2 protein chains.
Amino acid sequence: MTLQFWFEFGSTYSYPAAMRLEADAVRAGVAVEWKAFLLGPIFRDQGWDDSPFNLYPAKGRYMWRDLERICAARAIPYRRPTVFPRNGLLAARVVAGHPGAPWLPDFTRAVYSANFRDDRDIADPEVVATCAEAAGQRADAVLARAALPATKAALRAATEEAASLGIFGAPSFRVGGELFWGDDRLDDALRWATSGPS
Amino acid sequence: MTLQFWFEFGSTYSYPAAMRLEADAVRAGVAVEWKAFLLGPIFRDQGWDDSPFNLYPAKGRYMWRDLERICAARAIPYRRPTVFPRNGLLAARVVAGHPGAPWLPDFTRAVYSANFRDDRDIADPEVVATCAEAAGQRADAVLARAALPATKAALRAATEEAASLGIFGAPSFRVGGELFWGDDRLDDALRWATSGPS
């Protein structure tokens, strides 16, 4: 069974999920479909013009400490970004422009590391170019494809698909019609993919 | 090290947490302090006049399916309550009126079962009385104590303490200054209590 990984490049808890997903899925024998989408339009539909972690300070304070704790426990390098949330539009268009490409996991991890390890601006085309190169791609070709109207439409469609699937946050995992929300539910999602209801 | 279990009787994810907490904590060798509080005032401070699961329908739909799935996986009896959230004020006052009483875990599980297994109105003094009796107590004494001004003040103080600790949802677990939010983080909280940062 395939697991869909729905992620947003600005999303904090998507970072530790993205860093472990490929290895965990290989171990479980589960194929992964990497689906970038934008949380902005989904948050706006809920009446939020910013991340709920900014709108609700107690929740935000908890999240930053929790993320730090999770990364420390799993030995994932982490530095709190000086800007949050960062704009992941360009990076998400790269993913939307190359559905199923075998280098998407490498690219995705590189972008998350740029944001949450290196505190770099992932909206900057030069940063995205570096991430494409780290994934073994020619940056100019990748960025050119990200700028195509068809690619922009594909990302809009992915975000609409996410909303229609009932996705309201990231990371989300979808397995055979079931939705699991949050990095802490990845194990459950993989278990569902291999065993179904247990 | 002691683990503080902060719960609200109306809270859905507090149900599976309450049902497993005592057994898991005994197994881990961790003492538990059972701390009831009210989410209503905390939600109001965030601008919400209802549960976020009602205010944000996508989140609510996900939660109900997720709760059903969690209870099924752990063989916890579950029926979706016809009223949500139910008013847990009286039951929370019972807890606040008897801090540290050895029958609180039994009482707490009885109230959660009344709400999420039997679909009963936990604001009804007769239902709370039945739960007190199930925990081996004399219902009239328990209810009389719940009605004392000092007990009401103790619950208000517990809710204010929760807010001052940065608690914004339930269940929350506090261990040595660290906060863990959500049923799915109970294992992490118990691990922290036994091993600290790992």
Practice task
Taking the residues in the stretch B:4-27 that are charged (D, E, K, R) and under 24 Å from B:Arg80 (Cβ atoms) as candidates, determine which candidate is surrounded by the fewest Cβ atoms within 10 Å (Cβ to Cβ).
Solution key: B:Arg20
Fill in the blank from the handout: Scanning the stretch B:95-111 residue by residue, those among the aliphatic types (A, V, I, L, M) and buried (at least 18 other Cβ atoms within 10 Å of the Cβ) turn out to be B:Val95, B:Ala96, B:Leu104, B:Ala110, B:Val111
Exercise for the section: Output the number of residues of the stretch A:113-138 satisfying the condition of being touching a residue at least 40 places away in the same chain (Cβ under 8 Å) and aliphatic (A, V, I, L, M). Expected result: 1
Problem - Flag if A:Gly47 is in contact with a strand residue (DSSP E or B) (Cβ under 9 Å, 6 or more places away or on another chain) and in a loop (DSSP other than H, G, I, E, B) - result: no
Practice task
Would you mind finding the one in B:Ala129, B:Ala92, B:Ala114, B:Ala170 that is away from every other protein chain (no Cβ under 14 Å) and either among the charged types (D, E, K, R) or open to solvent by 10 Å² or more (accessible area, probe 1.4 Å) (or both)?
Solution key: B:Ala129
Exercise for the section: Select from the stretch B:29-63 the residues that are more than 9 Å from chain A (Cβ to nearest Cβ), surrounded by fewer than 15 Cβ atoms within 10 Å (Cβ to Cβ) and touching a residue at least 40 places away in the same chain (Cβ under 8 Å) and list them in ascending order. Expected result: B:Gly29, B:Glu33, B:Pro41
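Considering only residues that are more than 11 Å from every other protein chain (Cβ to nearest Cβ) and open to solvent by 10 Å² or more (accessible area, probe 1.4 Å), look in the stretch B:173-182 and name the one that is nearest to B:Ala18 (Cα to Cα). Talk me through it step by step, then tell me what you get.
Initially, the stretch B:173-182 is screened for residues more than 11 Å from every other protein chain (Cβ to nearest Cβ), giving B:173-176.
With open to solvent by 10 Å² or more (accessible area, probe 1.4 Å) added as a condition, the list becomes B:174, B:176.
On the way: B:Arg174: 15, B:Gly176: 20 Å.
Checking each candidate, the answer is B:Arg174.
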Exercise for the section: Pairs only if they're at least six apart or on different chains, beta carbon under 7 angstrom, first in the stretch A:183-198 and more than 10 Å from chain B (Cβ to nearest Cβ), second of a type in the set (Asp, Glu); list them, first residue then second. Expected result: A:Leu186/A:Asp24; A:Leu190/A:Asp24
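State whether one or more residues within the stretch A:145-158 are under 24 Å from A:Phe53 (Cβ atoms) and either more than 10 Å from chain B (Cβ to nearest Cβ) or open to solvent by 50 Å² or more (accessible area, probe 1.4 Å) (or both). Please lay out each step first, then the result.
From the stretch A:145-158, those under 24 Å from A:Phe53 (Cβ atoms) are A:155, A:158; that's our starting set.
If we keep only those that are either more than 10 Å from chain B (Cβ to nearest Cβ) or open to solvent by 50 Å² or more (accessible area, probe 1.4 Å) (or both) too, we end up with A:155, A:158.
The answer is yes, given that some residue of the stretch A:145-158 is under 24 Å from A:Phe53 (Cβ atoms) and either more than 10 Å from chain B (Cβ to nearest Cβ) or open to solvent by 50 Å² or more (accessible area, probe 1.4 Å) (or both).
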Practice task
Output yes when any residue across the stretch A:161-178 is at pLDDT below 95, more than 19 Å from B:Cys71 (Cα to Cα) and small (Gly, Ala, Ser), and no when none is.
Solution key: yes
Exercise for the section: Could you tell me which numbered condition A:Ala162 fails, if it satisfies all but one of (1) more than 17 Å from the chain's Cα centre (by Cα); (2) of a type in the set (A, V, I, L, M, F, W, C); (3) buried (at least 16 other Cβ atoms within 10 Å of the Cβ); (4) under 23 Å from A:Leu39 (Cβ atoms)? Expected result: (1)
Completion exercise
All-but-one check, A:Ala73 against (1) in contact with a Gly (Cβ under 7 Å, 6 or more places away or on another chain); (2) hydrophobic (A, V, I, L, M, F, W, C); (3) within 14 Å of chain B (Cβ to nearest Cβ), failing number (1)
Practice task
Just give me the residues in the stretch B:112-159 being assigned to a helix (DSSP H, G or I) and of a type in the set (Lys, Arg), in sequence order.
Solution key: B:Arg145, B:Lys152, B:Arg156
Problem - Single condition B:Ser14 does not satisfy, out of (1) under 19 Å from B:Ala110 (Cα atoms); (2) over 11 Å from the mean Cα position of the chain (by Cα); (3) not aromatic (Phe, Trp, Tyr) - result: (2)
Practice task
Please verify whether the stretch A:84-91 includes one or more residues that are part of a helix (DSSP H, G or I) and closer than 21 Å to A:Arg20 by Cα.
Solution key: yes
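Taking the condition more than 14 Å from the chain's Cα centre (by Cα), under 30 Å from A:Pro52 (Cβ atoms) and not aliphatic (A, V, I, L, M), does B:Gly169 pass?
Values: more than 14 Å from the chain's Cα centre (by Cα): no; under 30 Å from A:Pro52 (Cβ atoms): yes; not aliphatic (A, V, I, L, M): yes.
Taking the combined requirement at face value, the residue does not satisfy it.
The values are calculated or read from the model by the stated rules, or taken from the named source; none is laboratory data. All of these numbers come straight from a predicted model, not from anything done at the bench. Ideal geometry is used to build each Cβ from the backbone, glycine not excepted, and the neighbour counts take in all protein chains shown. Surface areas here come from the heavy atoms of the whole protein model, side chains and all, with no ligands, DNA or RNA. Shrake-Rupley method; radii C 1.70, N 1.55, O 1.52, S 1.80 Å.
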